[in-house]
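Engineer: Before we start, here is the structure in question, set down as structure tokens.
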Amino acid sequence: MMMENDLQKVIAQILRDIRVDLTDEFDRNFERQSFFSQKWARRKSPLRPGGSILIDTGGLRRSVQSETTDSSIIFYSSHPAASIHNEGGEIKVTRKMKAYFWHKYYDTTASFGRKKNGERRHDKRTVQLSTEAEFWKLLALMKVGSSIKIPKRQFLGTAPEVEKTVTEIIEENLSEYFNHLDIKQK
């Protein structure tokens, strides 16, 4: 009974160590802008040029959570966009989306720098905004029911790096347990 109790403690420690290490690794995926060594597809939109992929407000990154049971760990995200980004896929354009795209288009065009005579300025900001406005206009002109392809940008899941980390933690904890085991002979 004593050994069974010790073994449960070792398993609990292994799960804690895995949870800590993988939480850090999954968070680093956002810094690396890749799923370990698999780089994420670059942005095609002119929004936030040069900005980090999948980090706008940081909500998706902060949404990654984990749950531990007696024998497992589950990593998940409750963010509404987590699944489509992690797995990729297509989303259908709706009327509501088109209205939002038009709103963003008009919002962006209202921010253009203007000269006193009303002409658009040709400064860097206005040029960037006009590119952004064209992007929103292209989206707004899409037909209801057409698809927007979202590339897979996995940040959670299994990978060789995950398996390697898990294996190392298990071996380290078991080795430590057996090295400190007091075996008595009769």
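Engineer: State the number of residues belonging to segment 141-186 that are of a type in the set (S, T, N, Q) and either surrounded by 14 or more Cβ atoms within 10 Å (Cβ to Cβ) or part of a helix (DSSP H, G or I) (or both).
Structural biologist: Within segment 141-186, residues that are of a type in the set (S, T, N, Q) and either surrounded by 14 or more Cβ atoms within 10 Å (Cβ to Cβ) or part of a helix (DSSP H, G or I) (or both) number 6.
Engineer: Another question, if that's okay. Take segment 1-32 and flag every residue that is hydrophobic (A, V, I, L, M, F, W, C), farther than 24 Å from GLY58 by Cα and exposed (fewer than 13 other Cβ atoms within 10 Å of the Cβ).
Structural biologist: Hits for segment 1-32 are MET1, MET2, MET3, LEU7.
Engineer: Do you know which residues across segment 1-38 are aromatic (Phe, Trp, Tyr) and part of a helix (DSSP H, G or I)?
Structural biologist: PHE26, PHE30
Engineer: Regarding LEU138, is this residue assigned to a helix (DSSP H, G or I), more than 25 Å from HIS79 (Cα to Cα), open to solvent by less than 100 Å² (accessible area, probe 1.4 Å) and not basic (Lys, Arg)?
Structural biologist: no
Engineer: Another question, then. Being open to solvent by 30 Å² or more (accessible area, probe 1.4 Å), of a type in the set (Lys, Arg) and either without any contact (Cβ under 8 Å) to a residue 12 or more places away in the chain or not in a helix (DSSP H, G or I) (or both) is true for just one of LYS104, LYS96. Which residue is that?
Structural biologist: Just one listed residue meets the conditions, LYS96.
Engineer: Another question about this same structure. Within segment 68-92, work out how many residues are open to solvent by 70 Å² or more (accessible area, probe 1.4 Å) and touching a Lys or Arg at 6+ places or on another chain (Cβ under 9 Å).
Structural biologist: Number of matching residues: 2.
Engineer: Go through segment 59-89 and give me each residue that's touching a residue at least 60 places away in the same chain (Cβ under 8 Å), touching a helix residue (DSSP H, G or I) at 6+ places or on another chain (Cβ under 9 Å) and more than 26 Å from LEU15 (Cα to Cα).
Structural biologist: HIS85, GLY89
The values are calculated or read from the model by the stated rules, or taken from the named source; none is laboratory data. Because the structure is a prediction, the values reported are computed rather than measured. Cβ sites come from the backbone with ideal geometry, for glycine too, and all protein chains shown count toward neighbours. To get the accessible areas, we keep the full protein, side chains included, count just its heavy atoms, and leave off ligands, DNA and RNA. Shrake-Rupley method; radii C 1.70, N 1.55, O 1.52, S 1.80 Å.
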